[in-house]
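Some notes on the structure that comes next.
The values are calculated or read from the model by the stated rules, or taken from the named source; none is laboratory data. Bear in mind that the values here come from a model prediction, so they are computed numbers and not experimental data. Every residue, glycine as well, gets a Cβ built from its backbone with ideal geometry; the counts of neighbours run over all protein chains shown. For accessibility, only protein heavy atoms count, side chains too; no ligands or nucleic acids. Shrake-Rupley method; radii C 1.70, N 1.55, O 1.52, S 1.80 Å.
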Amino acid sequence: MEHPTFDVDLAIILCEMNSFKDGLLFLYEKMKLYKEVIACYMQAHDHDKLIACCRKLGDSTQGGDPSLWGDLLKYFGDLGEDCSKEVKEVLTYIERDDVLPPIVVLQTLSKNSCLTLSVVKDYIARKLEQESKLIEDDRKSIDKYQEETTSMRKEIQELRTNAKIFQLSKCTACTFTLDLPAVHFMCMHSFHLRCLGDNEKECPECSPEYRAVLETRRNLEQNAKDQDRFFHQVKSSKDGFSVIADYFSKGIVSKTANGTCST
Ligand SMILES: [Zn+2]
Ligand SMILES: [Zn+2]
């Protein structure tokens, strides 16, 4: 509340003592005690107002709390009477804001034996379709990455076992014809020794990119070792599994995690 000219706690006690419901609702809403607001409507079994209230207080774009829709669904799941119309409406909001995973929705609603499958049929069909699409996309990415890895492995193998023929006749730096002494790198760039300056160990064309990759990798490994951050992310994320999977991809169990690098 901005600047209340009364003691809020006292006002709540007064309202409660005198069962002044409108006053309670007003105070709870002003104090952002949204769960208490909907609890009032739940006690009164006033479904229309309950949904209208969640529509107002559960909109995250207006600073509301979308998890109210989850509470509402739980309420209808425990209700023990037919409330198909209400549940259908609640589901549209749960789906829109992605408040609950479908499995939780089903588990919650299955407690109410008066609800039939037709209530959730459309919702589940849409969810399954979305999930299949995601799986399909993931499969495509997996195939793509596997292909890339295979071709990189092949290249490494070739670099290790086959002889390389350096055919470049021009210096990559100054573009004049190469003459001795010249330096050839495995990335197939060649330079006059004099064009390389002090640094004759790595190709000046490719080293910035190579360094950037090394830097990224070092950062990822550093992050992966930060346990506090890891647990914090797992706890605060809606989908802990994806956080763990992400950490796997960043090398939390990488063989090179101790800093040795076989390149
Ligand atoms: Zn040159
Ligand atoms: Zn190069």
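Observations
- Single match in Asp9, Asp59 (criterion: of a type outside the set (S, T, N, Q), surrounded by fewer than 15 Cβ atoms within 10 Å (Cβ to Cβ) and free of Cβ contacts under 8 Å to residues at least 12 places away in the same chain): Asp9
- The residues listed here are Asn223, Asn162; of these, the one that is closer than 30 Å to Phe248 by Cβ and more than 16 Å from ligand 2 (Cβ to nearest atom) is Asn223.
- If the condition is being among the acidic types (Asp, Glu) and at pLDDT below 90, then the range 117-130 contributes only Asp122.
- From the options Arg160, Arg126, Arg194, Arg153, residue that is open to solvent by 100 Å² or more (accessible area, probe 1.4 Å) and under 30 Å from Ile103 (Cα atoms): Arg126
- Just one of (1) surrounded by 13 or more Cβ atoms within 10 Å (Cβ to Cβ); (2) without any contact (Cβ under 8 Å) to a residue 12 or more places away in the chain; (3) within 22 Å of Ala52 (Cα to Cα) fails for Lys85. It is (1).
- A residue that is out of contact with any Gly (no Cβ under 8 Å at 6 or more places or on another chain), within 16 Å of ligand 1 (Cβ to nearest atom) and open to solvent by 60 Å² or more (accessible area, probe 1.4 Å) cannot be found anywhere in the range 212-221.
- For the range 174-186, a tally of residues being open to solvent by 60 Å² or more (accessible area, probe 1.4 Å), on the phi < 0 side of the Ramachandran plot, within 15 Å of ligand 2 (Cβ to nearest atom) and assigned to a loop (DSSP other than H, G, I, E, B) returns 1.
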